[in-house]
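Where a number appears in this text, it was derived from the coordinates with a stated rule and is not lab data. These numbers were taken from a predicted model, which means no experiment stands behind them. No Cβ is skipped: glycine too gets one built from the backbone with ideal geometry, and neighbour counts run over all protein chains shown.
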Amino acid sequence: MSRDVLTTIQSRMGTFSKGQKLIGRYILENYDKAAFMTAAKLGQTVKISESTVVRFAAELGYDGYPAMQKAMQEMIRSKLTTVQRIEVSYDRLGTQDVLDKVVQSDIEKLRMSLAELSRADFAATVEAIVAARRIYILGVRSSAALSDFLTFYFKLIFDNVCQVQTSLASEMFEQMLRVGKEDLVIGISFPRYSTRCVRAMEFARDQGATVVAITDSELSPLYDTANYRLLAKSDMVSFADSLVAPLSVINALIVAVGRKKSNEVTATFERLEQIWDEYQVYEKVEYGPQQ
């Protein structure tokens with residue numbers, strides 16, 4: 001089956017029953033809304049029964065409507081404009097408490113990421129990082145914050161880390177000019193996926209570097225480019241990207257690499273503590289006796 005639900009529906013329209021064609025046409029024309037409708041709501045919208053909607057999902061080869069809905073949600077994240085994202089998020093929130101809805105959504109994404117992330121790819125990524133001659137890290141737009149976080153800690157562990165600056169596409173390739181077979185490139189991108197990040201990852205792959213993708217699903221354009229994939233669920237929260245799960249996965253990666261380099265990390269932080277103390281980097285809080 002095609003990984004793109006819309007392509008599958010488009011190619012199968014001639015074989016559908018009358019009711020299935022109503023569903024198919026509605027999804028093709030309103031996929032941004034349909035992806036977040038229950039089977040009952042979708043059936044009500046196109047004036048057919050809920051059971052017809054469920055059978056439609058089975059006709060497409062899905063194990064029930066929730067599986068088709070999940071595929072639609074993953075597919076549309078890279079297709080929605082910012083305005084559409086805002087409209088969809090407002091529809092989903094309705095009159096619910098925003099704080100509760102957003103935090104609960106983040107908790108669910110953490111659970112899903114923990115359940116679905118490949119432990120084999122995670123372990124292989126840690127080994128590849130430790131063995132790499134040079135480590136390149138890149139993330140564009142909102143993913144730049146994740147790139148900054150990972151780079152900050154990796155530079156405390158390694159002396160061979162290069163954060164690829166992404167202001168101009170041409171400068172990205174200039175910074176990666178000497179990337180080769182002994183190097184590792186970590187690319188971070190979540191919907192809407194950055195074209196610059198994808199092209200840079202393809203360049204690194206073509207030069208023989210080991211490529212690691214930190215992204216959200218198999219539908220990501222980074223997925224097929226990478227040797228190893230660390231998938232963390234992202235979600236749309238209005239025009240803002242929810243990056244709680246990706247940050248948690250990156251944090252786990254830092255901890256795992258730190259354990260592999262425990263002796264060096266301990267020595268580094270012992271020296272850093274002396275420097276921080278000497279140059280008063282951090283405020284010292286004096287705790288007096290309790291009154």
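A few points about this structure:
- The value obtained for the stretch 192-265, namely the Cα convex hull volume divided by the number of residues, is 110 Å³ per residue.
- Rg and Dmax of the stretch 153-291, both derived from C-alpha coordinates alone, stand at 19.0, 67 Å.
- Of all beta bridges that DSSP places with both ends in the stretch 155-279, some 25 percent have antiparallel geometry.
- Crossing angle, helix 18-29 versus the chain [Cα axis fit, 0-90 degrees, rounded to tens]: 40 degrees
- Paired Rg and Dmax values of the chain, which use every Cα atom, in angstrom: 22.9, 81
- In the elastic network of the chain, a GNM with C-alpha springs shorter than 10 Å, the most mobile of ASP100, ASP224, ASP216 is ASP100.
- Highest average packing first - 119-126, 9-16, 267-274, Cβ atoms within 10 Å: 119-126, 9-16, 267-274
- Percent of Cα pairs exceeding the 12 Å cut-off, where the set is the stretch 122-180: 69 percent
- Using θ = phi - 60° in the Karplus curve 6.51 cos²θ - 1.76 cosθ + 1.60, the 3J(HN,Hα) couplings for the stretch 250-255 round to 5, 4, 4, 5, 4, 5 Hz; x is entered for Gly and Pro.
- Chain lengthening between GLU264 and LEU177 when straightened (0.36 nm per residue, less Cα-Cα): 28.4 nm
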